[in-house]
Amino acid sequence: MKFSVLVPAHNEEAYLGACLSAIETAARPYQGQVETIVALNRCNDRTEEIARTHGAVIVREDARNLARIRNAAARAAFGEILVTIDADSTMSANMLSEIDRALAGGDAIGGGVPIIPERLSLGIALTWLMLAPYALIRYRVSGGLFWSYRKDFEAIGGFDESMVSGEDLDFAVRLKAYGKRCGKSFKTLWRASIRTSARKFDALGDWHLVLRPGLIRTILRGKDQRAADAYYYDLER
């Protein structure tokens, strides 16, 4: 197996079908070489049915902890290359080909991709500008979808399960540091992208994080379960 695509899913019946269909499109150049693993988290809707309809491998992890959910999917993976994507996002059709090209070059440890929101507003744009200093300036990493060889994912211990939020930025920073030690770089695939939903803004308001800058820092520190529950695990789907 060449690719394993890992998808955490908590009550994602509204988005999962589009996510999995996009993975299937990206997998066309790799017939029989791509598996999709959906990690079900406390689902009581049609998420599992949709996942099975698309032929996904199913695992279960009920913790309110995205690091544990993502790692549960990774443990079930057989692919040489791991790719993570959230269920409310869709990957571009060239995603797996671009990942394959980047890793075949031998100088990339892995990386991320540009994120395109499904809609924009002034509040959403200002939120992105508030997040940019953490990822793009301070740490110089990208996110949204992560990709690396499974051996390198395992070498850094996967996602840090002591974090209940912000595990994605932490993973990128640790992968980049590991790559530096190996003489490889963390790369952004500028010719591929993901489109992600604006559901948190729909639910909480476009200005929610702009008016609460301290919440961004709390979420990225990853130690506040109550904040993580409100923003991720208990957010109305």
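Provide the FRET efficiency to the nearest 0.05 for the ALA177-MET1 pair, computing r from the beta carbons and using R0 = 30 Å.
0.60
Subtracting the Cα-Cα distance from 0.36 nm times the residue separation, let me have the gained length for ARG199 to ILE116 in nm, one decimal.
Going from the current span to full extension adds 28.5 nm.
Taking the alpha-carbon set of the chain, what are its Rg and Dmax in Å?
16.7, 48
Which of ALA51, ALA74, LEU16 sits farthest toward the positive end of the charge dipole of segment 7-81, with +1 on the Cβ of Lys and Arg and -1 on the Cβ of Asp and Glu?
ALA74
When DSSP beta bridges are limited to those with both residues in the chain, what percentage is antiparallel, rounded to the nearest 5?
In the chain, DSSP labels about 35 percent of beta bridges as antiparallel.
Net charge within 11 Å of ALA76 by Cβ-Cβ distance, Lys/Arg positive one each and Asp/Glu negative one each, not counting ALA76 itself?
Here the count lands on 0.
Given 0.36 nm per residue, what is the gain on full extension from GLU236 to ASN94 after removing their alpha carbon distance, in nm?
That pair, GLU236 and ASN94, stretches by 47.9 nm at full extension.
Apply the Karplus parameterisation 6.51 cos²θ - 1.76 cosθ + 1.60, with θ equal to phi minus 60°, to every residue of segment 165-172 and state each ³J(HN,Hα) to the nearest whole Hz, in sequence, with x for glycine and proline.
Karplus-based 3J(HN,Hα) across segment 165-172 equals 7, x, 5, 6, 5, 4, 4, 4 Hz.
How much of the pair distance distribution for segment 67-197 lies past 21 Å, counting alpha-carbon pairs only, in percent?
Details: 3341 of 8515 pairs.
When all Cα pairs of segment 67-197 are counted, 39 percent exceed 21 Å.
As a test of the formula, what do you get for the chain when each DSSP H run with n ≥ 4 contributes -39,500 (n - 2.57) and the sum is divided by the residue count, at 222 nm and rounded to the nearest 500 deg cm²/dmol?
-10500 deg cm²/dmol
Counting other Cβ atoms within 10 Å, which chymotrypsin sites (Phe, Trp or Tyr not before Pro) in segment 103-197 have at most 15 and lie in a DSSP loop? Don't jump to the answer; show the numbers that get you there.
On the way: sites: TRP128, TYR134, TYR139, PHE146, TRP147, TYR149, PHE153, PHE159, PHE171, TYR178, PHE186, TRP190; in loops: PHE159, TRP190.
Counting only loop positions with at most 15 other Cβ atoms within 10 Å, the chymotrypsin sites (Phe, Trp or Tyr not before Pro) in segment 103-197 are TRP190.
Going through segment 108-163, which trypsin sites (Lys or Arg not before Pro) have at most 16 other Cβ atoms within 10 Å and a DSSP loop state?
The qualifying sites are ARG119, ARG140.
For segment 130-201, count the residues as N, evaluate 2.2 N^0.38 Å, and divide the Cα radius of gyration by that value, please.
1.16
Karplus couplings for segment 204-212 from phi (6.51 cos²θ - 1.76 cosθ + 1.60, θ = phi - 60°), rounded to Hz, Gly and Pro as x?
9, x, 5, 9, 4, 7, 4, 7, 10
Quick check for me: using +1 on Lys/Arg Cβ and -1 on Asp/Glu Cβ, what's the dipole size of the chain about its Cα centre, in debye to the nearest 20?
860
FYI, it's all coordinate maths here, none of it is from the lab. Every value quoted in this text rests on a predicted model; they were computed, and no experiment measured them. All Cβ positions, even for glycine, are placed from backbone atoms using ideal geometry, and neighbour counts span all protein chains on display.
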